[in-house]
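What follows is a single structure, written as structure tokens, with notes after it.
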Amino acid sequence: MDKFYKPSGKFSPTFILCFLLASFIAFPVLGLIYAYCIWYIPFVYINFFITIGFGFLVGFVLSWLVIKKGKVRNPFLGFIIGLVGALVALYLHWAIWIDLVINAGESYGDQKLGFTVSNIEFLQVFSLILRPDLVFDYIGQVNQYGTWGIRSATISGTFLWVIWAIEFLIVVGISCFLPYLEAKKPFSESTNSWYEEVVLPAFSYIENRNQILAALLANNNEGFDGLSSGVDKKEESHSVFTLYKSKSGKNYLSVENKTSVVDDKGNISFDSDQIVEYILINNDLSKLLSEK
């Protein structure tokens, strides 16, 4: 018996229907919100985080709707679904944003900080979506003249292409990564369902990772006697145990250390260190960890 979970590579044909639902319902809404945020928020740094948020939302929709509901347990297919989904979402966003450019009206503010009023026309957006040649032609024209600037300098040409390329890579990278990770999670072929994912309360930081790994490989439950719960996971270094339970009787476990890092301003962040991922454990250890 394999000690570590390996995805079967299978999938349900319903993932295609789920992807179509995402493309026709979720992505147009996300693209609309993203376009309006980018248009009306004149702060480059905020827009950077909005782009990250857009990528996460696209990735989340693909992970939850397409991967989970479509029962895709093929990480490579999950990556491809993320790539195609990101391209669809970005294209819809661009069509909507171009329509905002076309319908631009009065501008308010000054050269350093301002915005231009605009609203989309739905029939016009629909016609643009059906004409990718027009969309890319408008993109080229916008790049030539620019629509926004930094410190009174209008951004256009090569610099604008670079910014758009960074935006593209952020959205595509996040959108591919999340479905890929989701498709790797344990799935019970016998019950045709995903394992129940349970994140346990924070445990004490694991100093000797090799000892814990050896205990897991040897099914030695005594190796976990030194673990203690009740750790303040907001401030202290700690370990995170994630149980994957199934009605089939199998249980898998993932463990990672979270090391607290304090910056010059006193802010606390955590570095993650994966100790083990999706290792098969016995029911006694599953019960022991749950009771701790």
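Quick rundown of the values:
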item: Of the trypsin sites (Lys or Arg not before Pro) in region 226-272, those whose Cβ has at most 13 other Cβ within 10 Å and which sit in DSSP loop; result: LYS234, LYS247, LYS265
item: Distribution of pairwise C-alpha distances over region 7-97, 10 Å bins, in %; result: 17, 46, 25, 10, 1
item: From phi via Karplus (6.51, -1.76, 1.60), per-residue ³J(HN,Hα) for region 87-95 in Hz, x at Gly/Pro; result: 5, 5, 4, 5, 5, 4, 4, 5, 4
item: Cα-centre dipole for the chain with unit charges at Cβ (Lys and Arg positive, Asp and Glu negative), debye to 20; result: 800
item: Förster radius 30 Å - calculated FRET efficiency between CYS37 and PHE126, Cβ distance, rounded to 0.05; result: 0.90
item: Charge dipole (debye, nearest 20) of region 14-184; +1 at Cβ of Lys and Arg, -1 at Cβ of Asp and Glu; result: 720
item: Sorted largest first, extent of region 14-184 alpha carbons per principal axis (Å); result: 52, 32, 23
item: Contact order relative to length of the chain, as percent, for alpha carbon pairs under 8 angstrom and 6 or more apart; result: 19
item: FRET efficiency, ASP232 to ASP284 (Cβ-Cβ, R0 30 Å, nearest 0.05); result: 0.55
item: Straight-distance crosslink candidates among lysines, where the alpha carbon sits under 22 Å from LYS69 and sequence neighbours closer than 8 are dropped; result: LYS6, LYS10, LYS184, LYS185, LYS245, LYS247, LYS250
item: Using a Förster distance of 35 Å, the FRET efficiency for GLU222-LEU21 (Cβ separation, nearest 0.05); result: 0.10
item: Built amide H within the under 5 Å cut-off of ILE275, gap 5+; result: VAL255, GLU256, ASN257
item: Values of log10 I(q)/I(0), in the order q = 0.11, 0.16, 0.19 Å⁻¹, for region 169-287 under a Debye, Cα-only, solvent-free model; result: -0.45, -0.88, -1.11
item: Residue exposure sequence - ARG73, ARG209 - by fewest surrounding Cβ within 10 Å; result: ARG209, ARG73
item: Residue-averaged [θ]222 nm for the chain, counting only DSSP H segments that reach four residues, each worth -39500 (n - 2.57); result: -15500 deg cm²/dmol
item: Eligible aspartates and glutamates near LYS265 by straight Cα distance, threshold 19 Å, same-chain separation 8 or greater; result: GLU235, GLU236
item: Degrees, to the nearest 10: 27-40 long Cα axis against longest axis of the chain; result: 60
item: Region 14-184, relative contact order [Cα under 8 Å, separation at least 6], %; result: 35
item: Label point distance in nm, ARG209-ILE166, each placed 7 Å from Cα along Cα→Cβ; result: 3.1
item: Under 18 Å from the Cα of LYS234 - aspartates and glutamates, other chains or at least 8 residues apart; result: GLU256, ASP263, ASP264, ASP271, ASP273
item: Rg over Rh, two decimals, the chain (C-alpha only, Kirkwood Rh); result: 1.08
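Values in this text are rule-based calculations from the coordinates and carry no lab data. Computed from a prediction, not measured in an experiment: that's the story for all the values here. Please note: Cβ atoms are built from the backbone with ideal geometry, for glycine as well, and neighbour counts cover all protein chains shown.
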